[in-house]
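Just so you know, all these numbers are worked out from the coordinates, no wet-lab data involved. No experiment lies behind these values; they were computed from the predicted model shown.
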Amino acid sequence: MGTTTVNISAAQVKDLREKTGAPMMDCKQALTEAKGDMEQAVVILRKKGVSVAAKKAARVTSEGSVASYIHAGGKIGVLVEVNCESDFVARTDDFKELVHDMRCTLRPAIRSSCAKRM
C-alpha cells in the first residue's frame, strides 16, 4: 500500500476559499485530505465548520449593547439586546451599527401595531 501525495496548487486553494469563505490553511488541508477533489473538500470543510460552531456555542456572551425605541405616546416600544463575547467587539462601529439596524428593523412593526390599535 503506497501513499500518493497530491500536489495542491495555489489556484485550487484560492478557488475553494472563494467558494466557501473558509480560511486559506483550512482549504489547503481539506484539499489535501480530499486528494484534490474540490467537492469532497467542501464536504470536509462543512463538517469542520459544524464542529467549530458546536464548540463556540458553549461560549459565554456576557458583553454587548442595548438599544431602545419608544413610540410616540410611550405606550409601546422595543428593547433590543445583542450579546457578544468581548467588550472589544461591543465597542466597534460595526457592532453598534448592527444593534442600531436591528432596532430600526423592528420600528415599522411597532408603528403598524400602533396603527391597528387606533
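Taking the square roots of 5 times each eigenvalue of the Cα gyration tensor of the range 41-91, largest first, gives ellipsoid semi-axes of 36, 14, 9 Å.
For the chain, the longest principal axis of the alpha carbon atoms and the long axis of helix 10-20 meet at an angle near 30°. Here the range 10-57 yields Rg over Rh of 0.98, to two decimals, using C-alpha coordinates and the Kirkwood radius. Entry note, the chain: relative contact order of 17 percent, from Cα contacts under 8 Å with a spacing of 6+ residues. Here semi-axes √(5λ) of the Cα gyration tensor in Å was calculated from the structure, and among [x] 41, 14, 10; [y] 47, 16, 13; [z] 57, 27, 12 it sits at label [y]. What angle do you read, to the nearest 10 degrees and between 0 and 90, between the alpha-carbon axis of helix 38-57 and the longest principal axis of the chain? Result, in degrees: 50.
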